[in-house]
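Structure record follows, encoded as structure tokens.
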Amino acid sequence: MITAGGRPGNECLGTVEGRNLSIHVWQAATCAVMAGCLPHYFPVVLATWDAILEPRFNLDGALTSTGGAALAAVVSGPYAEEIGMRSGSGVFGPGNRANATIGRAVRLGCMSALNAIPGQLDAGSFGHGGKYSFHFAESEPPKGWPSIREQLGFPVGSTTVSVMPADAPRQVMHRWQPTPDDMLKVVGAAMRDPAHSGTGSKSWYIVVLGPEHASVLVDGGLQPRDVRASLSDISAVSIEQLAAAGIRYDASGTNYCKPDGRGRMATVIPENILVLTAGGFGAGWSMVIPCWSWALTQHPVTRAVQVPGRARHERDAARSELDFA
């Protein structure tokens with residue numbers, strides 16, 4: 001397993017300052033074996049660790065909080081297909097070894113090396129199923145749409161892992177011949193939740209469009225940047241909407257951003273929405289995955305998957321449309 005990662009076993013992947021605990025390549029490899037990973041999955045495991053150990057990700061907060069965040073990780077690129085990661089039907093469900101074991105390897109590392117154990121340094125009040133494993137792959141994007149790695153400024157031939165500490169996903173339905181405007185409204189409505197901790201804070205979202213919903217938007221001539229801008233506007237929340245949900249804006253401290261001229265606060269800004277296609281055909285489904293908390297507490301991170309013996313891929317920040325790196 002260590003050999004497949006191409007890095008020395010005694011290399012320290014990083015230290016979580018809030019815990020004064022570190023994890024090394026050999027520990028990550030041990031957890032990958034325990035989780036059932038095949039050796040060629042290990043570069044994705046290592047890229048995930050590189051992402052979540054970036055200081056601004058705030059791994060300590062994500063692992064410790066009573067919010068019970070999972071580590072949602074989107075893998076974009078040809079290596080995901082090469083190792084058999086699922087992007088289509090049942091993308092979040094059981095039955096795919098790569099998806100299940102890569103995410104499980106990271107969670108086992110968090111538990112064994114970083115002491116993220118419920119009742120100890122994991123104070124999650126509830127948690128959710130994504131804490132077992134929440135890795136999945138992006139489907140080939142619709143014709144004319146850039147992949148998420150390209151939107152982030154990586155080469156098309158690269159493979160990347162974008163990780164966000166996340167609440168449980170919410171399934172969104174629209175099966176009555178929606179127009180592009182209808183489609184954006186229903187997804188935006190699912191994102192606009194006064195009860196969610198990230199609402200009104202310019203937080204982050206992963207929006208996973210199913211095939212039918214993506215085709216509605218593509219046929220309407222929309223690009224991911226158009227979708228992001230519309231969803232940011234539709235999902236904004238007003239002080240009145242908060243009050244109607246029993247929440248007082250003035251009692252929230254610094255959680256909410258400053259209201260605009262219409263008295264609305266951005267739930268998420270356009271560059272903080274990762275829009276991608278995945279999932280299988282059906283009646284018409286998509287998924288929205290909210291970040292676990294407000295924008296000031298953490299930041300999603302993307303890293304390239306570096307496969308031993310192959311070309312290394314780096315990001316060109318000037319070409320990035322997104323703040324997921």
### Task
For the stretch 16-33, name all the residues that are polar (S, T, N, Q) and loosely packed, with under 14 Cβ neighbours inside 10 Å.
Asn20
### Query
Looking at the stretch 257-286, which of its residues are surrounded by fewer than 21 Cβ atoms within 10 Å (Cβ to Cβ) and in contact with a Leu (Cβ under 9 Å, 6 or more places away or on another chain)?
Pro270, Glu271
### Task
With the checklist (1) crowded, with 19+ Cβ neighbours inside 10 Å; (2) among the aromatic types (Phe, Trp, Tyr); (3) more than 17 Å from the chain's Cα centre (by Cα) in hand, flag the one item Trp176 doesn't pass.
(1)
### Query
How many of the residues making up the stretch 293-320 are part of a loop (DSSP other than H, G, I, E, B), touching a helix residue (DSSP H, G or I) at 6+ places or on another chain (Cβ under 7 Å) and at pLDDT below 95?
1
### Query
Out of (1) surrounded by 24 or more Cβ atoms within 10 Å (Cβ to Cβ); (2) in contact with a strand residue (DSSP E or B) (Cβ under 6 Å, 6 or more places away or on another chain), what's the single condition that is false for Asp60?
(1)
### Message
So Met164 passes all but one of these: (1) more than 13 Å from the chain's Cα centre (by Cα); (2) of a type outside the set (Lys, Arg); (3) part of a strand (DSSP E or B). Which condition number does it fail?
### Response
(1)
### Query
Which residues, counting only those in the stretch 54-83, are within 15 Å of His128 (Cβ to Cβ) and not in a strand (DSSP E or B)?
Ala62, Leu63, Ser65, Thr66, Gly67, Gly68, Ala69
## Note on the structure
Ala317: passes all of (1) in contact with a strand residue (DSSP E or B) (Cβ under 9 Å, 6 or more places away or on another chain); (2) touching a residue at least 60 places away in the same chain (Cβ under 8 Å); (3) among the small types (Gly, Ala, Ser); (4) surrounded by fewer than 21 Cβ atoms within 10 Å (Cβ to Cβ) but (1)
### Query
Quick check, is Arg248 farther than 24 Å from Pro142 by Cα, basic (Lys, Arg) and at pLDDT 90 or above?
no
### Task
Could you tell me whether Ser201 is polar (S, T, N, Q) and over 30 Å from Thr66 (Cα atoms)?
no
### Residue under evaluation Leu322, criteria (1) within 22 Å of Gly61 (Cβ to Cβ); (2) over 22 Å from the mean Cα position of the chain (by Cα); (3) assigned by TED's automatic domain parsing to the domain that holds Gly130, criterion not met
(2)
#### Entry: Sole exception among (1) part of a helix (DSSP H, G or I); (2) touching a Pro at 6+ places or on another chain (Cβ under 6 Å); (3) not polar (S, T, N, Q) for Ile247, by number
(1)
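The values are calculated or read from the model by the stated rules, or taken from the named source; none is laboratory data. Since this is a predicted model, take the numbers as computed values, not measurements. Neighbour counts run over all protein chains shown; Cβ positions are idealised from the backbone, glycine included.
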